[in-house]
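Here is the structure we will look at.
Values quoted throughout were computed directly from the atomic coordinates according to the rules given, and no laboratory measurement underlies them. Worth saying up front: this structure is predicted, and the values here are computed from it rather than measured. Counting neighbours? That spans all protein chains shown, and the Cβs are built from the backbone with ideal geometry, glycine included.
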Amino acid sequence: MIKIVLKDDSVMEVEKGTAIIDVAKKISEGLARNACCATVDSEVKDLRYELNKDCKLTIETFDSSLDGKKAYWHTTSHIMAQAIKRLFPKVKLAIGPAIDNGFYYDFDIVKAFSDEDKEKIENEMKKIIKEDLPIEKFVLSKAEAIKIMQEKEEKYKVELIENLSDDVEISFYKQGEFIDLCAGPHLLSTGKVKAVKILSSSSAYWRGDENREVLQRIYGISFPKASMLEEHLKFLEEAKERDHRKIGKELDLFCFSDYVGGGLPLYTPKGTIVKDTLQKEIEKICRSYGFQKVSCPSLANISLFETSGHAQKFNDELFRVNSPKGHEFVLKPVQCPHHTQIYASKMRSYKDLPIRYMESDKQYRAELQGSVGGLSRVYAITIEDGHSFCRIDQVKDEIINMCNIIRDFYTRMGLWENHWVSLSVRDYDHPEKYIGNKEDWDLCEKMLQEISDELKLDAKRCEGEAALYGPKLDFMFTDALGREVQIPTVQVDFSTPKRFGLYYIDQNGEKQTPVMVHRAILGSYERFIALILEQFKGALPTWLSPVQVKILPISDNHLEYANKIKKAIESEDIRVELDDRQEKTGYKIREAQMQKIPYMLVVGDKEVEANSVSVRSRDNGDIGVYKVDEFIENIKKEISNKN
């Protein structure tokens, strides 16, 4: 017999070799019906997995965890692949993973799937679900696995298998006539899936490499109830309206060019105002905490990143720059090594510390060519970054200050309420993934835990999520669509200063190594702008809007007065535009509303006579007639308060 510790900490004894699904049945028939997979000592396992030693077991359902959902969606991706093989026997299978919001499968087919094809595929999927085919797992040796996939003429599966080590057992799943290479986990039968929907299709490069085959990718979703599917489809419609790529185009904030290259966003005048305004705001806050602005080149010798450890860790993501004159540089993937060299440029005393640098500048990452899209994933990333060099006795105060900056800024942005904090620590089973010694890591992790307790952050310990050089506090936010995003972070680093030989002279005249604390408040401007465009549906707060006021004269007779108002508003550093087109006022208002402009000032004969403006708010409609000076005073106060 073996002992199983269940989710509620109760203990169950079962015979060695008992399958997880049988444990679920012992707990309750309802749990067994809804089970999708299980977590065994923090590892996700298939329901068919046999338990052979004492362990902690959590049985996952669709509703209990993302792991449960992914097992459900992964099973549905196989159902889709089976349906497509039935309808298009010559199609070649690539990969079909579950993702955080459903699943997709990549296929090699002569022509793209039409809407009619997708309707047929969805109907065939429903037939396979109705057939309630048992899903069976089996394993083969590498040679046997290659043979079976070669017989089926599945060249992409053969390539995947050939890249595996020779001694590994390779798992397959079978449902009816369909067999697929897969690590699992999967549901027990196709009938466990209830409601399915094919959502969209697109092209995708095999393995994200633009030099490889172009495949057809189909995205889908599935749920245990039809009502859940209906609710999700409504959510997707809302997501379309909030898509930052759509909003960015409509508001003329950024664009892309094939000549410049994908993944390299170009900010328009309006988009640049948003980015620069964010930068000024975060620099103002950080300056009040003692940060000083620095500026570093985008190029560096590779030795800088070899010393820091980034060249080894991120070798495949480096952009290497060579010139005909023999120059060999790297476009900087991070800014912290540059900042170490500013620190190292002169002698430092213990009295000088802490020294705090901040910089907002471009970094470059060679992402997979098929994975870039919008502002969410780009090659050129504008990073808001900061580093503090301090004594060991100053570390806690530095981290607390940085956490306070994060709280202040995200409270102002209206995002603070829906957040949680991750205490991201080492993968203790694989210490080789990190730089530095165990003692320093132990001290860093202990210190962050103490800070979490003192600030009542209630940080959740997440193993394997630490940075290359140290543990960190990651702040996780829930956006308007319920998605979880991580942007701000605070990271403790004992290792990098040692690698670069940084030191300060202590009160005894001895050399001591400083501690480096990394922090990002906005993180990437690109990702942050994408987040707030979707959060506010493009209706940015007045202080951040690229155009804060639009003046709408009723006719040409009112242009002189409108220009006078415009100059008065501009003189107060308020961003204002004048719409002097010969269009109807209603049309101008609708267009300004579509542009998400916070305030529209309508001026006609009455306004000219009274030296006033009729004010229309983007959010509240007509709000009355104001004297010009009164309106200016009100909007200045709103901008200043960052309401």
Counting only residues 5 or more apart in sequence or on a different chain, those whose built amide H sits under 5 Å from that of ARG348 are ILE505
Using R₀ = 56 Å, calculate the FRET efficiency as 1/(1 + (r/R₀)^6) where r is the Cβ-Cβ separation of GLN150 and ARG287; round to 0.05. 0.30
Under 18 Å from LYS456, Cα to Cα: aspartates and glutamates that are on another chain or at least 8 residues apart: ASP397, GLU398, ASP408, GLU417, GLU445, ASP474
Simple Cβ-charge dipole of region 549-641, Lys/Arg +1 and Asp/Glu -1, about Cα centre, in debye nearest 20: 280
How many nm separate the modelled label positions at ASP41 and GLU15, each set 7 Å beyond the Cα in the direction of the Cβ? 2.3
Within the set LYS270/LYS472; LYS280/LYS637; LYS351/LYS498; LYS588/LYS637, which residue pairs have Cα atoms separated by over 28 Å? LYS270/LYS472
Putting +1 on Lys and Arg Cβ atoms and -1 on Asp and Glu Cβ atoms, find which of PRO546, ASN301, GLN150 reaches farthest to the positive end of the dipole of the chain. PRO546
Treat the count of other C-beta atoms within 10 Å as a stand-in for reagent exposure and order TRP206, TRP441 from fewest to most. TRP206, TRP441
Interatomic Cα distance distribution for region 68-238, bins of 10 angstrom, percent: 10, 39, 38, 12, 2
For region 201-261, alpha-carbon Rg relative to the globular expectation (2.2 N^0.38 Å, N residues): 1.58
All aspartates and glutamates inside 12 Å of LYS550 as judged from Cα atoms, apart from same-chain residues fewer than 8 positions distant: GLU570, GLU577, ASP579, ASP580, GLU591
Determine the dipole magnitude for the chain: charges of +1 sit on the beta-carbon of Lys and Arg, -1 on that of Asp and Glu, nothing else is charged, the reference point is the Cα centre, and the result goes in debye to the nearest 20. 580
Quick calc, region 177-287, dipole around Cα centre from Cβ unit charges on Lys, Arg (+) and Asp, Glu (-), nearest 20 debye, gives 320
Principal axis dimensions, largest first and in whole angstrom, of region 549-641 by Cα: 36, 28, 21
In the chain, with Lys and Arg counted as +1 and Asp and Glu as -1 at Cβ, which of these residues, PHE113, ALA311, PHE477, has the Cα nearest the positive end of the dipole, that is, farthest along it? PHE113
What does a probe at LYS584 reach in region 591-631, counting residues whose amide N is under 17 Å from the point 7 Å along Cα→Cβ? 591-594
Rounded to the nearest 0.05, what FRET efficiency do SER303 and GLN593 give with R0 = 56 Å and r taken as the Cβ-Cβ distance? Could you check? 0.50
State the Cα centre-to-centre distance between region 490-544 and region 54-101 in whole Å. 38
Fewest first, what order do SER640, SER189 take by the number of other Cβ atoms within 10 Å? SER640, SER189
Which residue, ILE406, VAL214, SER323, has the largest displacement toward the positive end of the dipole of the chain when charges sit on each Cβ (Lys, Arg +1; Asp, Glu -1)? SER323
For VAL139, VAL608, what ranking results if the residue with the fewest other Cβ atoms within 10 Å of its Cβ goes first? VAL139, VAL608
Taking only the alpha-carbon positions of region 240-393 as identical scatterers, the Debye log10 I(q)/I(0) at q = 0.09, 0.20, 0.21 Å⁻¹ comes out as -0.38, -1.32, -1.37
May I ask you to order 482-491, 85-94 by the average number of other C-beta atoms within 10 Å around their residues, highest value first? 482-491, 85-94
Extension length gain for LYS53 and SER189 (0.36 nm per residue less Cα distance), in nm, is 46.3 nm
Semi-axes of the equivalent ellipsoid for region 2-61, please: Cα gyration tensor eigenvalues, times 5, square-rooted, ordered largest first, whole Å. 15, 12, 11
Modelled FRET efficiency - R0 56 Å, GLU317 with LYS636, Cβ distances, 0.05 increments: 0.80
Note, ³J(HN,Hα) from phi for region 550-556, Karplus 6.51, -1.76, 1.60, rounded to Hz, x at Gly and Pro: 10, 9, 10, x, 5, 8, 4
Using modelled backbone amide H atoms (1.01 Å from N, in-plane), which distant-in-sequence or interchain residues come within less than 5 Å of LEU199's amide H? TYR219, GLY220, ILE221
Distant-in-sequence amide H partners of GLU60 (H built 1.01 Å from N, under 5 Å): CYS36, CYS37, ALA38, THR39
What is the gain in length, in nm to one decimal, between GLU230 and SER203 on full extension, counting 0.36 nm per residue of separation less the C-alpha to C-alpha distance? 7.1 nm
Suppose a student asked you for the relative contact order of region 68-238, using Cα pairs under 8 Å spaced at least 6 residues apart; what percent would you report? 27
Where does the chain land at 222 nm, in deg cm²/dmol rounded to the nearest 500, when only DSSP H runs of n ≥ 4 count, each adding -39500 (n - 2.57), divided by all residues? -10500 deg cm²/dmol
Enclosed volume per residue, in Å³, of the convex hull spanned by Cα atoms of the chain: 220
Out of region 102-210, which GluC sites (Glu not before Pro) are coil in DSSP terms and have no more than 16 other C-beta atoms within 10 Å? GLU153, GLU169, GLU177, GLU210
Using label points projected 7 Å from each Cα along Cα→Cβ, tell me how many nm separate TRP416 and GLU237, to one decimal. 3.6
Take every DSSP beta bridge whose two residues both sit in the chain, then give the antiparallel share in percent to the nearest 5. 85
Once the cut-off is 23 Å, how many percent of the Cα-Cα pairs in region 354-486 end up in the long-distance tail? 45
